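Below: one structure, written as structure tokens.
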Amino acid sequence: MELLIATNNAHKVEEFKRLFAGLGIDVFSLKEKGISVEIEENGTTFAENAYIKAKTIYDLVKAPVIADDSGICVDALFGAPGVYSARYGGEGLDDKGRTALLLKNMEGVKDRSAHFACAICYIDALGKRHDFYGECQGTIGFSPKGENGFGYDPVFMVGEKSFSELSGKEKDQISHRGKANEKLLAYMKGETGHDQ
Ligand code: IMP
């Protein structure tokens, strides 16, 4: 079985390739299939955005597709940046700039609870939609900590450590993406006849 990942993010493609290794599923990126398309992520939920990405590509290829969407939701900011995590503060900011902006917006705020969320949408060969979701609870720190990871990892604290202070493997075990991937994998194992 061939499975297309609806992303241009090489990091995500590698992660999915690792996940499906040994399941008899050949994973391809959009680039590998010569597909170049701008997708407007105008949904208001992670699940909606994941579906928009998956459906856009499914309509082009009429073959199994997976897409994901993720972000960080801060309670004291009424769930922001949420689905706008990648665009928080506008196009001009990079990961460091967005993290600094988040810390600034949290200055003097006592309730620092937050969670990361990840929605995965799988559209199968028959065009049927399957949704998977994972969350990771934590708090927003007071300054960036650690060297690993990406995005908001340096300020997302789980207990005493930030996501950036965990190894990739340690993060996978508790992260929003890790949890959503686990559910997807269990489903795919059933579909491909592999033991769960
Ligand atoms: P997308 O899922 O590619 O739309 O990315 C959403 C944005 O959320 C990323 O650009 C990051 O800023 C943030 N994000 C999602 N997952 C993580 C994570 O595991 N660590 C840090 N930031 C994340």
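A compact table of results
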| item | result |
| --- | --- |
| Gaussian network model of the chain, Cα within-10 Å springs - most flexible of PHE132, PHE116, PHE142 | PHE142 |
| Region 63-105: C-alpha gyration tensor shape, a/c 1.5 cut-off, then a/b vs b/c | oblate |
| Mean accessible surface per residue for the chain, computed with a 1.4 Å probe while every protein chain stays in place, in Å² | 52 Å² |
| Value at 222 nm in deg cm²/dmol, rounded to 500, when DSSP H runs of n ≥ 4 in the chain each add -39,500 (n - 2.57) | -9500 deg cm²/dmol |
| Tilt relative to the chain, helix 46-61 - C-alpha long axis, 0 to 90 degrees, to 10 | 30 degrees |
| Expected-Rg normalisation [2.2 N^0.38 Å, Cα atoms] applied to region 15-129 | 1.27 |
| With Cα atoms, 0 to 90° folded angle of helix 95-105 axis to the chain main axis | 50 degrees |
| Charge dipole (debye, nearest 20) of region 99-168; +1 at Cβ of Lys and Arg, -1 at Cβ of Asp and Glu | 140 debye |
| Acute angle (nearest 10 degrees) that the helix 10-20 long axis makes with the longest principal axis of the chain, alpha-carbon atoms | 60 degrees |
| GluC sites (Glu not before Pro) lying in DSSP loop within region 112-194, provided at most 12 other Cβ fall within 10 Å | GLU147, GLU160 |
| Within the accessible area of region 57-166 (1.4 Å probe), percent carbon and sulfur | 56 percent |
| FRET E, pair LEU126, LYS31, Förster distance 30 Å, beta-carbon r, rounded to 0.05 | 0.70 |
| In Å, descending, principal axis extents of the Cα set of the chain | 52, 34, 25 |
| Most to least packed among 35-45, 70-80, 8-18 [average Cβ atoms within 10 Å] | 70-80, 8-18, 35-45 |
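The values are calculated or read from the model by the stated rules, or taken from the named source; none is laboratory data. Note that the structure is a prediction, hence the values are computed from the model and not measured. All Cβ positions, glycine included, derive from the backbone under ideal geometry; neighbour counts span all protein chains shown. Protein only, heavy atoms only, side chains kept; ligands, DNA and RNA dropped before computing areas. Shrake-Rupley method; radii C 1.70, N 1.55, O 1.52, S 1.80 Å.
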